[in-house]
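Structure, as structure tokens:
Please treat every number below as a calculation from the coordinates, not as lab data. For clarity, every value in this text was computed on a predicted model and none was experimentally measured. All Cβ positions, glycine included, derive from the backbone under ideal geometry; neighbour counts span all protein chains shown.
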Amino acid sequence: MTDSGRTKVSVFIATSVDGFIARPDGDVSWLHDGEQLEGEDYGYHQFMESVDTLVMGRNSFEKVLEFGDWPYEKPVIVLSRSLTKLPEQLRDRVKIDTSSPAELADKLAQEGIRHIYLDGGRVIQSFLRAGLVDDMVLTRIPVLLGQGLPLFGELSEDVNLRHVSTQSWHNGLVQSKYQVIGR
Ligand SMILES: NC(=O)c1ccc[n+]([C@@H]2O[C@H](COP(=O)([O-])OP(=O)(O)OC[C@H]3O[C@@H](n4cnc5c(N)ncnc54)[C@H](OP(=O)(O)O)[C@@H]3O)[C@@H](O)[C@H]2O)c1
């Protein structure tokens, strides 16, 4: 929870150096094209342990379904106004929700959810616009894609960040942690 009793909302995501999270067609295979470091997960497991629930956009959900095996042990909420059905085997693990960011934040706080992992570019953008993101871990992959699906988008006003730390690895990944101070 945040100091104000709201569910803490965290982003943990990888981007190209030019700020894309996927190619225009949603392809994310480039994330793993570079040198892989044996046993290194860039803090993903520790972060995942800290969250109660994942909240992701429909596009991200559909991409995860393409991978085959369902990768999450924690419950997942998929934000979508168009999705009506879930694969049978995911019905006790995934819920579809049509709430706005503000409505969802209220609902999660009432349910006692303390910390969520927010995923998907457009969904992250809408939570940022609503002032509902608390911190972000951004891992930059050393590649320029030139085009793709952006992590960030238009804002009505600046969102100020506090840089917490930056770490790099010898394969060129650079990870920065930010707290969102707000407007
Ligand atoms: N690089 C990485 O680490 C990383 C991480 C995550 C995802 N990805 C990739 O990013 C791509 C998906 O990102 P994306 O930006 O296209 O979409 P997204 O945020 O995953 O999904 C957007 C969709 O979610 C639904 N939605 C419901 N409420 C919303 C709200 N408040 N704000 C925005 N959308 C809402 C809408 O679908 P409806 O029309 O159904 O309502 C919207 O089209 C995939 O290719 C995925 O693999 C990459």
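Computed about its Cα centre, the charge dipole of region 15-92 is approximately 640 debye, with only Lys, Arg, Asp and Glu carrying charge at their Cβ.
Considering only alpha-carbon pairs that sit under 8 angstrom and 6 or more positions apart, the relative contact order computed for the chain is 34 percent.
Only Cα pairs under 8 Å and 6+ residues apart enter the sum, and on that basis the relative contact order of region 1-108 stands at 21 percent.
Across the chain, the fraction of Cα-Cα pairs farther apart than 24 Å, rounded to a whole number, is 38%.
Can you tell me the dipole magnitude for the chain around its Cα centre, using point charges on the Cβ only (Lys, Arg +1; Asp, Glu -1), in Debye to the nearest 20?
I would put it at about 560 debye.
Taken over the chain, lysine pairs spaced eight or more positions apart, or on distinct chains, with alpha carbons under 21 Å apart number 12.
For region 57-124, the list of chymotrypsin sites (Phe, Trp or Tyr not before Pro) that fall in a loop by DSSP and count at most 11 other C-beta atoms within 10 angstrom reads Phe67.
Here's the picture: charge each Lys and Arg Cβ at +1 and each Asp and Glu Cβ at -1 in the chain, and of Ser156, Ala22, Ser176 the one pushed furthest to the positive end of that dipole is Ser156.
Projecting the Cα atoms of Val78, Gln46, Gly112 onto the charge dipole of the chain (Cβ charges, centred on the Cα centre) puts Gly112 farthest toward the positive pole. Other residues with beta-carbon under 15 Å from the beta-carbon of Leu79 carry, at +1 per Lys or Arg and -1 per Asp or Glu, a net charge of +2. Using a Gaussian network model of the chain in which every pair of alpha carbons under 10 angstrom is joined by a spring, one finds that among Lys63, Lys107, Lys85 the greatest mean-square fluctuation is at Lys85.
Of the three principal axes defined by the Cα atoms of region 24-97, the extents in descending order read 39, 31, 19 Å. Could you list the residues of region 17-58 with an amide nitrogen less than 19 Å from a label point located 7 Å from the Cα of His163 in the Cα-to-C-beta direction? Backbone N within reach: 17-19. Our note on the geometry: Cα centres of region 125-179 and region 15-58, 12 Å apart. Per residue, the convex hull spanned by the alpha carbons of region 127-181 comes to 86 Å³.
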